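Everything below concerns the one structure shown next.
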Amino acid sequence: MKDRLAAALRGSRADYSEIRLERTWSSAVSFRGRRLESATVSEDQGGFVRALNKGCGWGIASFTSLDALPAMVARANELSRAVRLDEPILLADTVPQTADAALDLDGDVRGISLAEKKRLLEAYNGAMLAVSDAVVDTQASYRDEVSEVWYANSEGTVLSLRCPEVVVSGTATARRNGAIEKGLESVGLRKGWRSVHGLAERFRTAAERAVSLLDAPRVKGGAYPVILDNELAGVFIHEAFGHLSEADFVYENPQARAMMTLGRRFGKPVLNVGDNGAAPGLRGTLPFDDEGTPTQDTPLIKEGILVGRLHSRETAAKLGERPTGNARAISFRHPPIVRMTNTYIAPGAGGTFADLIADIELGVYACGAFGGQTMLENFSFTAAWGHMIRDGRVAELVKDVVLAGNLFQTLDRIDRIAGDFRWNQMGGGCGKGGQFPLPVTEGAPHVRIEQALVGGDV
Amino acid sequence: MIDRLLDAARGRVDGADALWRREERTSVAFESGRLKAAGVTEEAGVNLRVLAGGRTGVAGTTAAAPDVAALVERARASAELGERLDLVFPPPSSSPLPLVSTYSDAAADASLDALIQMGRGLVERLEREGCQVNVALEREVSETAVGNTAGARGRYRSTAVAVSADVIRIAADDVLMVYDQHLGAALPEAADLDALVRSIEERLEPALTVVAPPDGLLPVVFTPTGLAAVLLPLEQALSGKTVIQGSSPLGDSVGVAVFDVRLSITDDPLAPQRPRSRPIDDEAVPSRTTSLVERGVVRQFVYDLETAARAGTRSTGHARRGIFGKPQIAYTNLVVGDHPVTVGARHAAPLLGGGLIAGMTDGLIVDDLIGVGQGNVIGGTFSHPVALAYRVQRGEITGRVKDAAVAGNTYDLLKRIGGFGSDGRWLGSRWSPSVLLEGISVARR
């Protein structure tokens with residue numbers, strides 16, 4: 001395969017060319033209620049070429065027929081030359097890399113029959129259904145893959161990578177007297193078959209929560225001290241802050257750059273945030289990004305001050321900063337764009353969860369995430385469930401906990417961070433620019449916001 | 001390819017259907033007013049479903065010259081695990097497939113330069129001091145073939161041209177983004193591009209002034225974009241999949257007047273020049289128009305072959321399938337409005353508020369909300385912060401509101417509709433005007 005890449009690159013007439021070829025073997029099983037929805041094995045393959053010429057823009061070609069590679073190399077060059085630019089696109093220098101990386105397959109999923117995968121998922125699905133008659137519906141899915149990627153560019157980088165992934169997810173829907181509630185569980189790992197056993201208890205707990213929420217009151221809307229659990233704090237930092245730290249948001253936009261000036265205070269000194277594509281064993285972890293730049297741990301907020309951002313080679317060159325290994329593509333069908341990897345709030349010195357809530361008379365403990373969306377500086381997050389905090393203790397279960405607010409105000413109101421850091425190893429992924437789902441991980445300890453708006457009955 | 005695959009399946013399985021699709025996309029993207037990239041995508045693949053021993057299985061591949069025997073075997077292996085299902089592949093239609101225009105030679109033949117010129121023209125018209133303009137154009141040409149072992153066959157070509165533009169203004173920590181798109185099977189004409197520019201200007205100008213949000217139970221005009229939050233629960237509830245699962249709140253409501261007598265919702269795969277229109281669905285069921293809600297009465301849910309078999313009814317022709325995985329239910333073109341809905345050939349003139357605000361003492365126009373689709377959608381209750389909304393006072397738009405949230409329940413709100421706007425338009429694959437709803441809970445933050 002590398003010979004094919006080298007030959008195709010030699011045939012390129014562009015100033016800069018890069019080629020990515022992929023082959024992905026995957027299998028998937030899904031249940032809806034007691035019924036098996038599908039059990040399939042798929043093989044997907046294709047290639048991606050990107051070319052750049054002086055005074056011109058990017059020419060991009062993607063294709064499923066690998067025989068078309070030489071023609072697509074020529075096509076990308078033509079497309080690049082059709083795009084005339086006054087201000088050239090520059091790429092920050094990187095050291096050419098040569099590596100063959102093969103991550104541990106951890107029990108090669110290709111050697112396990114679909115029937116065995118079905119039995120595993122059936123057990124987890126059954127654990128949700130067995131909780132109560134009120135569990136009227138479930139969705140459970142298992143997906144695994146082994147992907148092989150070959151990458152080479154005209155500067156001498158030649159890489160190959162083989163990596164596994166496995167995701168098991170379940171949703172339990174509980175219904176009684178017209179009320180409908182859901183419980184979610186999801187495990188996503190850059191590992192294989194050996195790592196997805198023994199999870200029945202977690203799926204049972206998710207279904208039990210859906211049933212408990214049926215009788216739980218809606219949270220009363222208003223401003224409260226709010227504690228985010230590890231999962232929601234991770235989702236929050238990814239959605240509300242992480243996307244603004246992607247340099248493609250600011251590199252062409254002077255006003256955005258002013259808003260995200262390095263050195264600006266974003267929070268109290270307790271707040272430390274970063275993105276670490278090199279953290280071992282996580283879904284967002286890879287040795288190199290999709291431009292062949294090695295991944296790294298990039299500090300974004302240090303003691304409350306904005307200190308960094310995430311880059312591709314193009315955004316780094318434009319801003320005179322260094323590439324961070326954050327140019328990623330979900331597949332050969334897309335160009336690499338600036339993305340997060342494993343984004344985290346670092347553990348703080350605020351003590352334990354109990355210490356965080358000790359002096360809260362009335363507050364909300366927001367747990368898990370049904371979803372989150374940010375529109376630039378405004379965000380909305382739906383917690384999977386919540387508890388009231390009364391007189392320093394966790395009190396009754398509440399539902400419909402929606403956190404909404406302004407990013408800058410909210411980050412600044414984070415006043416205490418616990419030491420109980422954890423990575424949330426979930427399925428799903430991040431979406432941006434039509435590329436979804438990109439495997440990422442988020443991590444955080446329990447985080448206290450001194451005051452935040454909780455929607456519910458507004 | 002379809003015939004070869006079905007021939008290979010005959011004898012080894014009890015029946016099969018297959019879809020082959022080839023797509024070519026050409027795209028150009030202007031970032032902050034500058035053309036930065038041009039791209040092409042070529043993709044082809046085939047999806048096969050087999051029925052073996054009363055169970056179904058699927059397999060797909062993007063390989064250029066797939067081993068058909070191996071593909072059939074993979075689908076058969078997948079079927080071994082499947083549930084029992086009385087799936088019947090539809091025989092060839094006794095009448096010819098409906099005629100629907102889905103292809104435009106001008107769109108298919110448009111040169112890269114023509115797309116670049118169109119984009120550059122839009123950028124020039126949208127550029128203004130202190131704002132960033134992004135424009136993207138994508139032209140897709142596709143060919144689809146579908147067939148089954150009962151002898152049904154269908155084949156058609158489609159084109160789609162998508163033009164999207166957004167204007168972003170950042171002033172200190174205030175970020176304003178106004179977005180719109182034009183989507184059609186044909187190349188947009190000058191009038192379509194005018195409408196796109198005017199729609200963005202209409203919403204940008206009044207947004208430059210920020211005013212305090214109101215508070216309380218208020219009338220709200222949802223623009224065609226803003227309406228997504230209100231309609232999403234219905235889209236889920238009218239799917240045969242949620243109905244057979246028992247999770248649709250409308251499951252027992254066929255023939256029941258659930259909504260305001262003026263509300264009608266139709267799914268129309270035969271709408272001319274729409275990218276999701278088609279003569280036949282992805283399971284070889286001929287396309288026809290389906291009335292889902294008529295004058296407030298629930299009429300019909302949408303089904304594909306599998307959900308129809310489970311529900312003991314007929315497919316409504318709503319199967320959509322990709323190269324991988326099995327067919328799923330999907331709407332084609334949803335037409336929402338005041339009965340009888342008249343879909344114009346092109347956009348009505350953009351009019352923020354849809355002509356519905358004249359009598360409004362105090363209220364909002366909601367164009368975009370944050371977090372639509374999160375949480376427990378199907379129950380109909382929603383609560384979202386606004387992304388782009390305007391305050392209306394004494395019949396006039398007074399400015400943009402920030403830091404406000406709107407909440408309500410779709411099923412309650414659509415029982416009484418305050419009015420339909422005169423600004424009906426296509427937004428992707430949905431046609432609707434603005435809709436005035438009373439008694440929306442609006443909260444200040």
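Can you name the strands (runs of 3 or more DSSP E) wholly within the range B:216-325 that have at least 3 residues being touching a strand residue (DSSP E or B) at 6+ places or on another chain (Cβ under 8 Å) and within 30 Å of B:Ala185 (Cα to Cα)?
Result: B:263-267, B:290-294.
May I ask you to list the residues in the range A:331-350 that are closer than 30 Å to A:Gly47 by Cβ and either within 14 Å of another protein chain (Cβ to nearest Cβ) or in contact with a helix residue (DSSP H, G or I) (Cβ under 9 Å, 6 or more places away or on another chain) (or both)?
Within the range A:331-350, A:Ser331, A:Phe332, A:Arg333, A:His334, A:Pro335, A:Pro336, A:Ile337, A:Val338, A:Met340, A:Thr343 meet the criteria.
List the pairs whose first member sits in the range A:123-137 and is within 14 Å of another protein chain (Cβ to nearest Cβ), whose second member is modelled with pLDDT under 95 and assigned to a helix (DSSP H, G or I), and whose Cβ atoms are under 6 Å apart, counting only residues at least 6 apart or on separate chains?
Listed pairs, sorted by first residue: A:Asp137/B:Gln245.
Can you work out which of the residues in the range A:29-40 that are surrounded by 22 or more Cβ atoms within 10 Å (Cβ to Cβ) and hydrophobic (A, V, I, L, M, F, W, C) is farthest from the other protein chains (Cβ to nearest Cβ)?
A:Phe31
Considering every residue within the range A:351-359, establish whether at least one is among the charged types (D, E, K, R) and within 14 Å of chain B (Cβ to nearest Cβ).
No, that holds for no residue.
Give the range A:88-114 a look and list any residue that's exposed (fewer than 15 other Cβ atoms within 10 Å of the Cβ) and more than 25 Å from A:Arg194 (Cβ to Cβ), or say none.
Within the range A:88-114, A:Pro88, A:Leu90, A:Asp93, A:Val95, A:Pro96, A:Thr98, A:Ala99 meet the criteria.
Could you say which residue among A:Ser160, A:Ser186, A:Ser195, A:Ser169 is under 18 Å from A:Ser331 (Cβ atoms), of a type in the set (S, T, N, Q) and away from chain B (no Cβ under 14 Å)?
Being under 18 Å from A:Ser331 (Cβ atoms), of a type in the set (S, T, N, Q) and away from chain B (no Cβ under 14 Å) holds for just one of A:Ser160, A:Ser186, A:Ser195, A:Ser169, which is A:Ser160.
Would you mind telling me which numbered condition in (1) surrounded by fewer than 18 Cβ atoms within 10 Å (Cβ to Cβ); (2) at pLDDT below 95; (3) closer than 30 Å to A:Ser42 by Cβ A:Ala123 fails?
Among (1) surrounded by fewer than 18 Cβ atoms within 10 Å (Cβ to Cβ); (2) at pLDDT below 95; (3) closer than 30 Å to A:Ser42 by Cβ, A:Ala123 violates only (2).
Among the listed residues A:Ala82, A:Ala71, A:Ala61, A:Ala51, which satisfies the condition of being small (Gly, Ala, Ser), more than 7 Å from every other protein chain (Cβ to nearest Cβ) and touching a residue at least 12 places away in the same chain (Cβ under 8 Å)?
Exactly one of A:Ala82, A:Ala71, A:Ala61, A:Ala51 is small (Gly, Ala, Ser), more than 7 Å from every other protein chain (Cβ to nearest Cβ) and touching a residue at least 12 places away in the same chain (Cβ under 8 Å), namely A:Ala51.
Let me confirm something: among B:Gly240, B:Gly246, B:Gly296, which residue is on the phi > 0 side of the Ramachandran plot, touching a residue at least 12 places away in the same chain (Cβ under 8 Å) and not aliphatic (A, V, I, L, M)?
Residue meeting the stated conditions: B:Gly296.
Take A:Ile227 and decide whether it is in contact with a Lys or Arg (Cβ under 6 Å, 6 or more places away or on another chain) and under 28 Å from A:Glu361 (Cβ atoms).
Against the criterion (in contact with a Lys or Arg (Cβ under 6 Å, 6 or more places away or on another chain) and under 28 Å from A:Glu361 (Cβ atoms)), A:Ile227 qualifies.
If I filter the range B:134-161 down to residues being touching a Phe, Trp or Tyr at 6+ places or on another chain (Cβ under 7 Å) and not hydrophobic (A, V, I, L, M, F, W, C), which single residue comes out as nearest to B:Asp17 (Cα to Cα)?
The residue in question is B:Asn148.
So A:Glu314 passes all but one of these: (1) within 11 Å of chain B (Cβ to nearest Cβ); (2) part of a helix (DSSP H, G or I); (3) closer than 24 Å to B:Ile370 by Cα. Which condition number does it fail?
(3)
Give the residue, chosen from B:Thr62, B:Thr41, that is within 13 Å of another protein chain (Cβ to nearest Cβ), touching a residue at least 40 places away in the same chain (Cβ under 8 Å) and β-branched (Val, Ile, Thr).
Matching residue, one of B:Thr62, B:Thr41: B:Thr62.
Can you report the number of residues in the range B:332-369 which are within 14 Å of chain A (Cβ to nearest Cβ), more than 18 Å from the chain's Cα centre (by Cα) and surrounded by fewer than 22 Cβ atoms within 10 Å (Cβ to Cβ)?
0
Suppose we filter A:Gly433, A:Gly392 for residues that are at pLDDT below 95 and surrounded by fewer than 21 Cβ atoms within 10 Å (Cβ to Cβ); which single one remains?
Only one candidate qualifies: A:Gly433.
For the range A:277-297, state whether one or more residues are surrounded by 24 or more Cβ atoms within 10 Å (Cβ to Cβ), at pLDDT 95 or above, within 19 Å of the chain's Cα centre (by Cα) and farther than 25 Å from A:Glu22 by Cβ.
Looking for residues that are surrounded by 24 or more Cβ atoms within 10 Å (Cβ to Cβ), at pLDDT 95 or above, within 19 Å of the chain's Cα centre (by Cα) and farther than 25 Å from A:Glu22 by Cβ, one finds none in the range A:277-297, hence no.
Looking for something over 30 Å from B:Ser248 (Cα atoms) and assigned to a loop (DSSP other than H, G, I, E, B) - is there at least one such residue anywhere in the range A:109-118?
Yes, the range A:109-118 contains a residue that is over 30 Å from B:Ser248 (Cα atoms) and assigned to a loop (DSSP other than H, G, I, E, B).
Pull up the range A:346-366, narrow it to residues that are touching an Asp or Glu at 6+ places or on another chain (Cβ under 9 Å) and part of a strand (DSSP E or B), then point me to the one that is surrounded by the fewest Cβ atoms within 10 Å (Cβ to Cβ).
Looking at the filtered set, the residue picked out is A:Leu362.
Those residues that are surrounded by 21 or more Cβ atoms within 10 Å (Cβ to Cβ) and closer than 26 Å to B:Thr342 by Cβ, I need them from the range B:240-259; list them, please.
B:Leu250, B:Phe259 - these are the residues of the range B:240-259 that are surrounded by 21 or more Cβ atoms within 10 Å (Cβ to Cβ) and closer than 26 Å to B:Thr342 by Cβ.
Of the conditions (1) more than 14 Å from every other protein chain (Cβ to nearest Cβ); (2) touching a helix residue (DSSP H, G or I) at 6+ places or on another chain (Cβ under 8 Å); (3) part of a strand (DSSP E or B); (4) under 30 Å from B:Arg198 (Cβ atoms), B:Val167 fails just one. Which one is it?
B:Val167 satisfies every listed condition except (1).
Need the failing condition index for B:Leu352 against (1) outside any loop (DSSP other than H, G, I, E, B); (2) touching a residue at least 60 places away in the same chain (Cβ under 8 Å); (3) in contact with an Asp or Glu (Cβ under 8 Å, 6 or more places away or on another chain), just the number.
In the conditions (1) outside any loop (DSSP other than H, G, I, E, B); (2) touching a residue at least 60 places away in the same chain (Cβ under 8 Å); (3) in contact with an Asp or Glu (Cβ under 8 Å, 6 or more places away or on another chain), B:Leu352 misses (1) alone.
B:Leu126 - would you say it is away from chain A (no Cβ under 13 Å) and either farther than 29 Å from B:Leu5 by Cβ or not small (Gly, Ala, Ser) (or both)?
yes
Within the range B:114-133, count every residue that is crowded, with 18+ Cβ neighbours inside 10 Å and closer than 23 Å to B:Glu24 by Cα.
4
Pick out the one residue from A:Arg204, A:Arg162, A:Arg194 that is assigned to a strand (DSSP E or B) and among the basic types (Lys, Arg).
Just a single option satisfies the conditions, and that option is A:Arg162.
Condition first: among the aromatic types (Phe, Trp, Tyr) and closer than 29 Å to B:Phe324 by Cβ. Now tell me which residues in the range A:1-31 satisfy that.
Those that are among the aromatic types (Phe, Trp, Tyr) and closer than 29 Å to B:Phe324 by Cβ: A:Trp25, A:Phe31.
Assuming B:Arg139 fulfils every condition listed in (1) in contact (Cβ under 8 Å) with a residue 24 or more places away in the chain; (2) surrounded by fewer than 20 Cβ atoms within 10 Å (Cβ to Cβ); (3) under 30 Å from A:Leu21 (Cβ atoms); (4) not aliphatic (A, V, I, L, M) apart from one, which condition is it?
(2)
What's the number of the condition B:Ser164 fails, among (1) at pLDDT 95 or above; (2) crowded, with 20+ Cβ neighbours inside 10 Å?
B:Ser164 satisfies all of (1) at pLDDT 95 or above; (2) crowded, with 20+ Cβ neighbours inside 10 Å except (2).
Is it true that B:Leu48 is part of a strand (DSSP E or B) and more than 9 Å from every other protein chain (Cβ to nearest Cβ)?
Yes: the conditions hold for B:Leu48.
The values are calculated or read from the model by the stated rules, or taken from the named source; none is laboratory data. As the structure is a prediction and not an experimental result, all values here were calculated from the model. Backbone-built Cβ (ideal geometry, glycine too); neighbour counts: all protein chains shown.
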